[in-house]
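Single-structure report; data block below.
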Amino acid sequence: MTYFALIIILVGIELIYFKIADTYNIIDKPNSRSSHTSITLRGGGIIFPIAITIAFLLGYVSWAVTLAVVLVAVVSFIDDIKPLSQLPRFISHVIAVGLVFYELHLFYEPLWLLPVVFVLLIGWVNAFNFMDGINGITVLYALAAIATFSFLPINKASLPLLITMGLSCLAFGIFNVRKKAKTFAGDVGSISMALFLGYFMIKTIIDSGQLGYILFFSVYGIDAIITIINRLLKKENIFQPHRSHLYQYLANEMGYSHILVAFIYAGLQLGINGLVIYMDANGYLTLLFMGGFLLLLTFIYLLVRNFVTRKMVLGNS
């Protein structure tokens with residue numbers, strides 16, 4: 001199957017889903033905690049688990065990874081239609097992480113490593129989901145990650161899989177990366193894509209032996225972690241929808257367009273990824289560099305966040 005034919009098929013599947021979503025009223029209604037102002041079809045990110053299923057049928061990816069992504073996608077899609085409690089969602093995540101561990105042979109690693117990777121992967125999946133709040137941000141950030149993984153020689157054998165997932169992002173992006181989105185990813189899209197990217201991050205680190213590649217997720221990671229800490233300090237429920245991420249301040253309170261903010265986040269991450277690859281190629285991507293660079297990024301983030309929140313306060317006074 002040529003990639004041109006595949007993108008046509010994926011766009012066609014997306015259009016069919018829109019008919020289904022419209023018929024069964026699978027929509028996202030705006031509220032005080034959302035960043036959109038009009039009713040929009042929810043769940044367009046269903047194309048991501050569909051794409052990985054196609055990749056499995058073409059022999060690009062294992063059954064374990066496919067099952068993991070499809071499992072969280074199914075549970076998340078049900079949650080998109082009729083909200084579920086935390087328990088079934090958490091159970092699906094635990095099983096999916098177990099399948100990822102099985103695929104990557106992590107059960108043979110030192111016992112202490114398993115809970116560390118478990119917490120990091122679960123945390124990443126939830127952080128990625130939290131960051132899915134404005135048009136374009138999820139798909140552009142995912143494309144930045146997929147493009148970076150594709151650039152690494154260590155991932156040459158996985159290029160067909162990465163291209164397939166990249167094409168699914170393009171198919172979804174046609175309808176999402178616009179001022180008035182036709183569809184949102186929904187949890188079915190953000191969580192399934194997060195799990196896939198998390199799996200591929202761990203795979204890349206294992207295959208290369210380079211822990212520094214975790215910086216490929218630094219922009220999302222810093223925004224998500226700092227926001228969670230702020231909300232915990234305010235005694236807020238971190239699992240409830242909110243509008244207190246920096247990207248939400250920029251898009252909502254500061255009035256920048258969703259697409260501009262999304263491109264800034266994806267572009268910054270792509271720039272960081274390029275620097276990380278350069279440092280690795282020249283032997284400078286050490287633990288010391290990682291720690292120092294993360295501190296620098298966090299400091300810059302806090303400066304920008306503080307500047308934005310001050311402007312918000314002045315604007316409301």
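Given the condition farther than 24 Å from residue 137 by Cβ, among the polar types (S, T, N, Q) and touching an Asp or Glu at 6+ places or on another chain (Cβ under 9 Å), answer yes or no: does some residue in the range 202-223 qualify?
Checked the range 202-223: at least one residue is farther than 24 Å from residue 137 by Cβ, among the polar types (S, T, N, Q) and touching an Asp or Glu at 6+ places or on another chain (Cβ under 9 Å).
Residue by residue through the range 194-239, note down the ones that are in a loop (DSSP other than H, G, I, E, B) and without any contact (Cβ under 8 Å) to a residue 24 or more places away in the chain. Walk me through how you get there before you give the answer.
Here is the first cut: in the range 194-239, the ones in a loop (DSSP other than H, G, I, E, B) are 209-210, 234-239.
209, 234, 235, 236, 237, 238, listed by residue number.
Give me the residue from the range 281-299 that is in a helix (DSSP H, G or I) and in contact with a helix residue (DSSP H, G or I) (Cβ under 9 Å, 6 or more places away or on another chain) and, out of that set, surrounded by the fewest Cβ atoms within 10 Å (Cβ to Cβ).
Here is the first cut: in the range 281-299, the ones in a helix (DSSP H, G or I) are 281, 287-299.
If we keep only those that are in contact with a helix residue (DSSP H, G or I) (Cβ under 9 Å, 6 or more places away or on another chain) as well, we get 287, 289-290, 293-294, 297-298.
Numbers: 287: 9, 289: 15, 290: 18, 293: 18, 294: 15, 297: 17, 298: 15.
Among them, the one singled out is 287.
Only one residue in 229, 264, 259, 272 is at pLDDT below 95 and of a type in the set (A, V, I, L, M), so which one is that?
Details: 264 fails: at pLDDT below 95; 259 fails: at pLDDT below 95; 272 fails: at pLDDT below 95.
Only one candidate qualifies: 229.
How many residues are more than 12 Å from residue 196 (Cα to Cα), touching a Leu at 6+ places or on another chain (Cβ under 7 Å) and part of a helix (DSSP H, G or I) when one looks only at the range 46-74?
2
Here's the yes/no breakdown for (1) over 11 Å from the mean Cα position of the chain (by Cα); (2) crowded, with 21+ Cβ neighbours inside 10 Å; (3) of a type outside the set (Phe, Trp, Tyr); (4) closer than 19 Å to residue 267 by Cα:
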| site | (1), (2), (3), (4) |
| --- | --- |
| 124 | no, yes, no, no |
| 128 | no, yes, no, yes |
| 168 | yes, yes, yes, no |
| 181 | yes, yes, yes, no |
| 197 | no, yes, yes, yes |
| 203 | yes, no, yes, no |
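State whether one or more residues within the range 84-102 are part of a helix (DSSP H, G or I), surrounded by fewer than 24 Cβ atoms within 10 Å (Cβ to Cβ) and at pLDDT below 95.
Checked the range 84-102: at least one residue is part of a helix (DSSP H, G or I), surrounded by fewer than 24 Cβ atoms within 10 Å (Cβ to Cβ) and at pLDDT below 95.
Name the residue, out of 140, 99, 161, 114, that is over 18 Å from the mean Cα position of the chain (by Cα) and over 20 Å from residue 75 (Cα atoms).
114
The values are calculated or read from the model by the stated rules, or taken from the named source; none is laboratory data. On a predicted model such as this, the values are computed, not experimentally measured, just so you know. Cβ atoms come from the backbone with ideal geometry, glycine included; neighbour counts cover every protein chain shown.
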